[in-house]
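Below is one structure, written out as structure tokens, with a few remarks after it.
The values are calculated or read from the model by the stated rules, or taken from the named source; none is laboratory data. Predicted model, so just to flag it, every value in this text is computed and none were measured. Cβ placement follows ideal geometry from the backbone for every residue including glycine, while neighbour counts extend to all protein chains displayed. Note: accessible area is taken over every heavy atom of the protein model, side chains too, but ligands, DNA and RNA are not part of it. Shrake-Rupley method; radii C 1.70, N 1.55, O 1.52, S 1.80 Å.
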Amino acid sequence: MALADELCALQADTLASIEAAVDTCALDQVRISVLGKSGSLTAYLRNMGQVPKEERAEVGKTLNAVRQTIEQALETRKSALAAAELEAAIDAAAVDVTLPGRAQQMGTRHLINRITDEISEVFFGLGYSVATGPEVETDYYNFEALNAPADHPSRSMQDTFYVRDLSGDAAAVRGESDVLLRTQTSGVQVHAMEEQQPPIYVIAPGKVYRRDVADPSHLPQFTQIEGLVVDKGITFGDLKGTLDFFCKQMFGPERKTRFRAHYFPFTEPSAEVDVSCGICHGEGCRFCKGTGWLEILGCGMVDPNVLRYSGIDPEVYSGFAFGMGVERIACLKYNVPDLRMLLEGDMRFLRQF
Ligand SMILES: [Zn+2]
């Protein structure tokens with residue numbers, strides 16, 4: 001019987017395809033092509049009506065047997081493939097402990113913070129403590145109490161960011177605001193003298209702001225560390241000894257210091273401190289502009305007026321103050337030619353420290 005042979009061949013072909021299916025998806029394609037709506041076996045089932053009546057029972061039996069055999073084979077193959085796929089998925093998701101791990105990028109401290117800490121450590125060793133104050137300051141603490149009266153050139157609009165009062169205060173709108181971004185951390189000294197009685201040994205690290213255009217040696221925002229000592233019997237010798245010790249701790253014991261007379265409104269006498277050039281050791285080179293010296297900080301004996309402003313009797317107490325730019329110290333220590341490099345966020349530069 002031709003039909004029986006056809007069905008036998010169809011069954012054999014289908015079983016071979018089922019066996020050959022590599023995954024559940026391919027297996028499903030086989031199922032659809034045979035048992036689907038327009039599948040090859042479905043076509044036979046649909047055409048049962050054309051089979052002569054007397055053969056119909058026999059053909060139906062054969063068709064059912066073929067369908068059952070195929071369905072059985074599909075089911076068996078499906079379970080086998082599903083199990084293999086699950087195993088593969090588990091394998092793929094497994095952690096291979098022999099693979100090298102993904103390295104976490106460790107951050108480091110920024111050079112400015114590190115140098116700030118290094119400077120602070122030197123003074124902690126000498127018994128100083130840290131004093132902090134607001135970055136938005138009043139005219140009184142930033143200038144007046146530091147002996148810089150209203151007509152003093154350091155108060156100029158040119159180098160100060162005044163904060164406009166948004167309440168619409170007429171004086172503020174005219175630019176006569178007495179609130180500003182501090183131009184120096186010296187205001188902290190005034191707060192310290194108001195809040196505590198001598199002896200005072202404090203350093204005040206913090207950000208300060210000036211209306212400067214950024215260039216290799218100026219930044220509109222930089223970090224300053226100021227120090228203040230007020231005690232009985234403090235002399236210029238104490239100031240020199242302290243700062244010489246600091247420079248040797250910071251730059252190395254072979255470095256020399258020198259004090260040049262200078263002017264600051266809140267100290268008298270005042271000096272600028274230079275440290276011998278670390279590149280040419282005082283011979284003179286491009287880095288020190290041929291002088292053999294690098295200017296690192298300003299200092300002086302606290303002006304009696306400043307003590308008096310804060311209610312400290314200058315007949316009993318004396319003191320000294322000093323201030324330095326952290327970015328400048330960082331650049332001098334690591335021979336960085338341009339202050340702006342510290343703020344550019346270039347990881348190739350920053351990772352070196
Ligand atoms: Zn030099």
Summing -39500 (n - 2.57) over the DSSP H runs of n ≥ 4 in the chain and dividing by its residue number, what mean residue ellipticity at 222 nm do you reach, to the nearest 500 deg cm²/dmol? -13000 deg cm²/dmol
If I stretch the segment between PHE245 and ILE32 completely, what's the gain in nm (0.36 nm per residue apart, minus their alpha carbon distance), one decimal? 67.7 nm
Going by a 4.7 Å Cβ-Cβ cut-off, which cysteines of the chain have no partner at all? CYS8, CYS25, CYS247, CYS299, CYS331
Quick one: pull the percent of accessible area on the range 111-350 belonging to carbon and sulfur, 1.4 Å probe, ligands and nucleic acids left out. 52
Can you give the FRET efficiency for LEU126 and ARG102, using 1/(1 + (r/R0)^6), R0 = 45 Å, r = Cβ-Cβ distance, to the nearest 0.05? 0.50
Can you find, among PRO216, LEU63, ALA103, the residue farthest towards the positive end of the dipole of the chain? Put +1 on the C-beta of Lys and Arg, -1 on that of Asp and Glu. LEU63
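Any idea of the accessible area per residue across the chain, 1.4 Å probe, to the nearest Å²?
Details: 19740 Å² over 353 residues.
Accessible area per residue: 56 Å².
Between GLU195 and HIS110, how high is the FRET efficiency from 1/(1 + (r/R0)^6) when r is the Cβ-Cβ distance and R₀ = 45 Å? Nearest 0.05. Working shown, then result.
Values: r = 30 Å, r/R0 = 0.67.
Step by step, r from the Cβ atoms, then E = 0.90.
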Long-range amide H partners of THR160 with built H, under 5 Å: ARG211
Qualifying lysines (Cα of each under 21 Å from Cα of LYS207; at least 8 residues distant if same chain): LYS333
Per residue, how big is the convex hull around the C-alpha atoms of the chain? Give it to me in cubic angstrom, could you? 299
Between ALA204 and residues 5 or more places away or on another chain, the pairs with built amide H atoms under 5 Å apart involve ALA131, GLU226, GLY227
Let me know the shape class of the range 170-262, please: from the alpha-carbon gyration tensor, a ≥ b ≥ c as square roots of the eigenvalues, rounded when a/c is under 1.5, otherwise prolate if a/b is greater than b/c, or oblate. oblate
Lys/Arg Cβ at +1, Asp/Glu Cβ at -1, dipole of the range 111-350 taken about the Cα centre: which of ILE296, GLY311, LEU181 is farthest positive-ward? ILE296
Using Cα springs under 10 Å in a Gaussian network model of the chain, which residue among GLY300, GLY39, GLY282 shows the largest mean-square fluctuation? GLY39
Amide H of ALA271: which non-local residues (sequence gap of 5 or more, or other chain) have their own amide H closer than 5 Å, using H built in the peptide plane? HIS262, CYS299, GLY300
Starting from the Cα-Cα distance between ALA92 and GLU315, subtract it from 0.36 nm times their residue separation and give me the gain in nm to one decimal. 72.0 nm
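Rounded to the nearest 20 debye, what is the charge dipole size of the chain about its Cα centre when +1 sits on each Lys and Arg Cβ and -1 on each Asp and Glu Cβ? Kindly include the intermediate steps, with their values, before the conclusion.
Details: 34 positive and 49 negative charges, 135 e Å.
Magnitude of the dipole: close to 660 debye.
When the solvent-accessible surface of protein heavy atoms is calculated with a 1.4 angstrom probe, in what order do THR242, THR69, THR98 fall, highest first?
Working: THR242 25, THR69 50, THR98 115 Å².
Largest accessible area first, the residues go THR98, THR69, THR242.
For LYS289 and VAL163 in the same chain, what is the full-extension length gain: residue separation times 0.36 nm, less their Cα-Cα distance, in nm? Can you show the working numbers first?
Numbers: separation 126, 0.36 × 126 = 45.36 nm, distance 3.79 nm.
In short, 41.6 nm is gained.
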Can you list the HN-Hα couplings for the range 130-147, worked out from phi with the Karplus curve (6.51, -1.76, 1.60; θ = phi - 60°), rounded to whole Hz and with x for Gly and Pro? 8, 10, 10, x, x, 7, 9, 10, 8, 3, 4, 6, 7, 10, 4, 5, 9, 6
In whole Hz, with x marking every Gly and Pro, tabulate ³J(HN,Hα) for the range 184-196 from phi via Karplus 6.51 cos²θ - 1.76 cosθ + 1.60, θ = phi - 60°. 7, 7, 4, x, 4, 4, 5, 4, 4, 5, 6, 8, 10
Report the label-to-label distance for ASP212 and GLU85 in nanometres (one decimal), using points 7 Å from each Cα along the Cα→Cβ vector. 6.9
Relative contact order (%) - the chain, alpha-carbon pairs under 8 angstrom, separation at least six: 14
Which distance in Å, rounded to a whole number, links the C-alpha centroids of the range 1-24 and the range 323-351? 79
Sort LYS53, LYS78, LYS333 from largest to smallest accessible area, using a 1.4 Å probe on the heavy atoms of the protein chains. LYS53, LYS78, LYS333
In square angstrom, rounded to the nearest 10, how much accessible surface does CYS25 have for a 1.4 Å probe? 90
Could you derive backbone 3J(HN,Hα) for the range 40-52 from the dihedral phi with the Karplus parameters 6.51, -1.76 and 1.60 (θ = phi - 60°), listing whole Hz in sequence and x where the residue is Gly or Pro? 5, 6, 4, 4, 5, 4, 5, 8, 3, x, 7, 6, x
Using the per-residue mean of other Cβ atoms lying within 10 Å as a proxy for protection, in what order, highest first, do the peptides 316-325, 114-123 fall? 316-325, 114-123
